[in-house]
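Report on one structure; see the data block that follows.
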Amino acid sequence: MLDKLSLDGRSIVVTGGGTGLGRAMVRALARAGADLVIAGRRQAPIDEAAAEVEGLGRRAVAVSTDVSDSAQVERMVAVARDVLGRVDVLVNNAGRTAENVHAPIWDITDEEWRAGIATNLTGAFYCARAVARQMVDQGRGKIINVASGYGLRGGRDMYAYTCSKGGVIQLTRTLAMSLGRYGVTANTIVPGFIPTRGTDSMRDALPRSGEFIPTGKLGTPEDMGPIAVFLASDASDYMNGETITLDGGGLAGGLAPTGHAPIIPLDLG
Ligand SMILES: NC(=O)c1ccc[n+]([C@@H]2O[C@H](COP(=O)([O-])OP(=O)(O)OC[C@H]3O[C@@H](n4cnc5c(N)ncnc54)[C@H](OP(=O)(O)O)[C@@H]3O)[C@@H](O)[C@H]2O)c1
C-alpha cells in the first residue's frame, strides 16, 4: 500500500522552496524519492535547499526565479526539463509573506496591491501555465497550490493577501475542471498558523500560541511534508480540485482572528 506514496524518479518543482514551508516540503518530497527543482528569488536559500536534497541522495537544481515575471518562470521550467527531463509535479508555494502589507485601504499604493497579487496569484498562474502543456502531452501531472486560511475568510487591512489567496483556491478549481480530463490534477493546501520567518510580518494578526487552536498547538513547517507527498503521489490520483486544510482545526471551529475582537483561548483543559 505504501508504494503508492513513493515518489521515486518523479521530478518536482517547488517555488519558494528555500525557506519555511517550501523548504520542509522539499525535504519531505526528496525523502519520498523525488528529484527537485527549487525556485525563489534569493540564490543562497535555494542553493542550501538543493545541497540538502543532494545530501539525501536525490538530484536537485536551484533556479533563481521571480515568479511574478513570466519570462523568468518559462526559463525556470525550461531548466527543469533540461536537467530532469520532465516536470511531474508543480508546487506553487512562493508567497509574499514577509512583505505582506497590512494597511487601511486608503493607504495601500498601486504598487503594493499589484505586488501582492503578482506574486501570490499571478505567479501561481504563470507557473501552472508553464508546465501545463507538457503535463497534458505526457498524460499525467499534478499541481499543488498553497493558499491560506485568509483565502477562505477576510483579514483586517490585509487586502492583497486575502484576495490573492482566495484567487489561488479558484485557480486550483479551474485547473482541476480544465485539465482533469487530460490526467492533470490540481489541489490546494490551506495551511493554518505555522510560525516561519515569513509570518513575522503578520505577528499582530496571528495567534502566537496554541491556546487558540483546537489541537492546542501551532503547526510546524514539517506538518506540510506528508500532505505534499500525498498530493504529489499516486495515492491522491482521484483527488482533484480539493482544498485540504492543515490548521489543527482552527477553521473548523470558526477561528478567525480579524482584529475586531480579542482572541479568546479555548478551554483545552
Ligand atoms: N506560515 C504560515 O503560517 C502560512 C499560513 C498560510 C499560508 N502560508 C503560505 O505558505 C507559503 C510559504 O510561506 P512561509 O510561511 O514558508 O514563508 P517564507 O519562508 O517567507 O516563504 C516564502 C517563500 O516564497 C519565496 N518568494 C517570495 N516572493 C517570491 C517571488 N516573487 N518569486 C519567487 N519566490 C518568491 C521566498 O523566497 P525569496 O524571498 O528568496 O524569493 C520564500 O522562499 C506562502 O505562500 C504563504 O502565503 C503560510
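The values are calculated or read from the model by the stated rules, or taken from the named source; none is laboratory data. Every value quoted in this text rests on a predicted model; they were computed, and no experiment measured them. Heads up, the Cβs are rebuilt from the backbone with ideal geometry, glycines too, and the neighbour counts pull from every protein chain shown.
The single condition among (1) within 12 Å of the ligand (Cβ to nearest atom); (2) at pLDDT 85 or above that residue 243 does not meet is (1).
Filter the stretch 49-75 for residues that are in a helix (DSSP H, G or I) and within 11 Å of the ligand (Cβ to nearest atom); which is surrounded by the most Cβ atoms within 10 Å (Cβ to Cβ)? Here the residue is 73. The residue of the stretch 113-171 that is nearest to residue 101 (Cα to Cα), among those that are of a type in the set (A, V, I, L, M) and in a loop (DSSP other than H, G, I, E, B), is 158. Selection within the stretch 139-154: residues that are touching a Ser or Thr at 6+ places or on another chain (Cβ under 8 Å) and away from the ligand (no atom under 11 Å from the Cβ). The member of this set that is nearest to residue 243 (Cα to Cα) is 144.
Look at residue 94 and say whether it is aliphatic (A, V, I, L, M) and modelled with pLDDT under 95. So residue 94 fails the test.
Does residue 94 satisfy being closer than 22 Å to residue 190 by Cα and away from the ligand (no atom under 13 Å from the Cβ)? No; evaluated as a whole, the condition is false for this residue. When the test is whether a residue is within 14 Å of the ligand (Cβ to nearest atom) and in a helix (DSSP H, G or I), residue 222 passes it. Among the residues of the stretch 51-73, those that are closer than 28 Å to residue 8 by Cβ and in contact with a Phe, Trp or Tyr (Cβ under 9 Å, 6 or more places away or on another chain) comprise 67, 73. Look at the stretch 186-200: where a residue is within 16 Å of residue 24 (Cβ to Cβ) and at pLDDT 90 or above and a partner is within 6 Å of the ligand (Cβ to nearest atom) and assigned to a strand (DSSP E or B), sitting 6+ places away or on another chain with Cβ atoms under 7 Å, you get 189/146; 191/146.
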